[in-house]
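Trainee: Handing you a structure now.
What follows draws every value from the coordinates through simple rules; no lab data is involved. Just so it is clear, the structure is predicted and the values come from calculations on it, not from any experiment. Cβ placement follows ideal geometry from the backbone for every residue including glycine, while neighbour counts extend to all protein chains displayed.
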Amino acid sequence: MGVGRSYCVALVGLNGYIVEVEADIGQTLPSFVILGLPDAALNEAKERIRSAAQNSGIPLSRRKITANLIPASLPKRGSGFDLAITMAVLCAANDVRSIGRTVFMAELGLDGRLRPVRGILPAVMAAVQAGFPDIVVAEANAAEASLVPGAKVHGYKTLARLAYDFGADPKDLVLDYEPSGTDTAEDDDTTGFPEPDLCDVSGQGEARRALEVAAAGGHHMLLTGPPGLCP
Amino acid sequence: MMVMRAKDLLGQHGEALAAEFLETQGMRIIDRNWRCTDGEIDIVALEGDILVVAEVKTRRSLDYGHPFEAVGPAKLARLHRLASSWCRAHEVRALRRRIDVVGVVDDGIGRPLLEHLRGVG
């Protein structure tokens, strides 16, 4: 027991920043704390991780788990940290071997499958640029991640398979589980809905004008921040 | 005689195992199953000059969660209150106090599994 470490990438707009994940297992009553400005989705990772690990045959330690996302002051959002936190915690419990400089980016399903996340391309670019070429993603994200020159991408279907490759004891692992169903990145499914139209947007005059200008000039554009806050 | 329920028997069995275990850890058991209006302390022990109030949680299996998971913040707060009550009732002062939790998992077939957490809060 002790401290486990892994790496992930936080996206702020299109810029990615390497995030170091530390996990510590304390000898006291069970609880799970995530530090380092997680948003609501990231805070729910605790429950996803507990179930996913349990259903993969490597239950988490029944002690106090503290996961720290460094730098602590950088806000982190979304479910893409699930896998990195899990690996750091398993590493702290000596359930898997030390992880080195591998970057993990995937959401976990309760059954232990790895689900794709959005923003893989800029995240992998940032990781490679920062000197972290070894990337583990969900299989459904592997093709996109492989577009980045210099990236050594490993796509996995399940947490059990990944843990096995990182030295977990195979006798407990649920290795024969093949997740079924389609794994599309969140909210990409727009079939059956009419094309969105700018005239349906209420207010947001500046944002709409910017969109029109960008479209007319054939430029890229990124909107960040919560919607509806334009004065 | 009152008929004991299975869960109480299991609890008693776990407490006996836990007391035995704490003694092998060098603790001196000074009270068992002390009750007051606020509840019950399973084990009171001394480790050096530290007064240890131990809560024992026993389970047949892990199917309904680990024994430690049954000790939440409310239970801890009550254990602290009970520790104070015990000290008052026995006119004990100036001792350092600690709350421990012992988890016992005993399926009745293999060897019972005991885990001990010291100073849980």
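Trainee: For the stretch B:45-121, what relative contact order do you get, as a whole percent, if you take Cα pairs closer than 8 Å and at least 6 residues apart?
Mentor: 39 percent
Trainee: Next up: Count charges around B:D8 for me, please; just the other residues with Cβ under 12 Å from its Cβ, Lys/Arg as +1, Asp/Glu as -1.
Mentor: 0
Trainee: Between B:S61 and B:L76, what is 0.36 nm times their sequence separation minus the Cα-Cα distance? Round to one decimal in nm.
Mentor: 3.1 nm
Trainee: Let me ask something additional. Sort B:L114, A:L121 so that the residue with the fewest other Cβ atoms within 10 Å of its own Cβ comes first and the one with the most comes last.
Mentor: Final ranking by Cβ density, sparse to dense: A:L121, B:L114.
Trainee: Moving on to the next point. So, in Å, what gap is there between the alpha-carbon centers of the stretch A:45-111 and the stretch A:146-162?
Mentor: Measuring centre to centre over Cα atoms gives 17 Å.
Trainee: Of A:K46/A:K171; A:K64/B:K57; A:K64/B:K75, which pairs sit farther than 23 Å apart, going by alpha carbon to alpha carbon?
Mentor: The pairs that break the limit, which is 23 Å between Cα atoms, are A:K46/A:K171.
Trainee: For A:24-30, what's the mean count of beta carbons from other chains sitting within 10 Å of each residue's beta carbon?
Mentor: Across A:24-30, the average partner-chain Cβ count within 10 Å equals 5.
Trainee: Hey, rough spin-label estimate for A:S73 and A:L121, points 7 angstrom out along Cα→Cβ, what's it come to in nanometres?
Mentor: 3.2 nm
Trainee: Under the rule of -39500 (n - 2.57) per DSSP H run of 4 or more residues, summed and divided by the residues of the protein assembly as shown, what mean residue ellipticity at 222 nm is obtained, to the nearest 500 deg cm²/dmol?
Mentor: Estimated from H runs of four or more residues: -8500 deg cm²/dmol.
Trainee: Using alpha-carbon pairs under 8 Å, 6+ residues apart, how would you state the relative contact order of chain A in percent?
Mentor: Relative contact order of chain A: 20 percent.
Trainee: Still on this structure, please answer the following. If I take R0 = 22 Å and measure r between the Cβ atoms of B:R93 and B:H116 in this structure, what FRET efficiency does the formula 1/(1 + (r/R0)^6) give, to the nearest 0.05?
Mentor: 0.25
Trainee: Let me ask you something else. In peptide B:64-74, how many Cβ atoms from other protein chains are near each Cβ within 10 Å, on average?
Mentor: Mean shielding count: 3.
Trainee: Test of the criteria: in the stretch A:19-83, which GluC sites (Glu not before Pro) are in a DSSP loop and have at most 16 other Cβ atoms within 10 angstrom of their Cβ?
Mentor: A:E44
Trainee: So what are the three principal axis dimensions of the stretch A:72-173 from its Cα atoms, in whole Å, longest to shortest?
Mentor: 37, 31, 24
Trainee: Let me check against my output: what whole-number percent is the relative contact order of the stretch B:1-54, with C-alpha pairs under 8 Å and at least 6 apart?
Mentor: Relative contact order comes out at 23 percent.
Trainee: Rounded to the nearest 5, what % of the DSSP beta bridges within the protein assembly as shown are antiparallel ones?
Mentor: Within the protein assembly as shown, antiparallel bridges account for around 60 percent of the total.
Trainee: Find, among the chymotrypsin sites (Phe, Trp or Tyr not before Pro) in the stretch B:29-121, those assigned to loop by DSSP (not H, G, I, E, B) with at most 10 other beta-carbon atoms within 10 angstrom.
Mentor: Qualifying residues, ordered by number: B:Y64.
Trainee: Going out from 0 in 5 Å bins, what whole percent of all Cα-Cα distances in the stretch B:44-121 drops into each bin?
Mentor: Calculated over all Cα pairs of the stretch B:44-121, the distribution is 3, 14, 24, 21, 15, 11, 7, 3, 1 percent.
Trainee: Hey, what's the Kirkwood Rh for chain A if you take every pair of different alpha carbons, in angstrom?
Mentor: Every distinct Cα pair counted, the radius reaches 18.8 Å.
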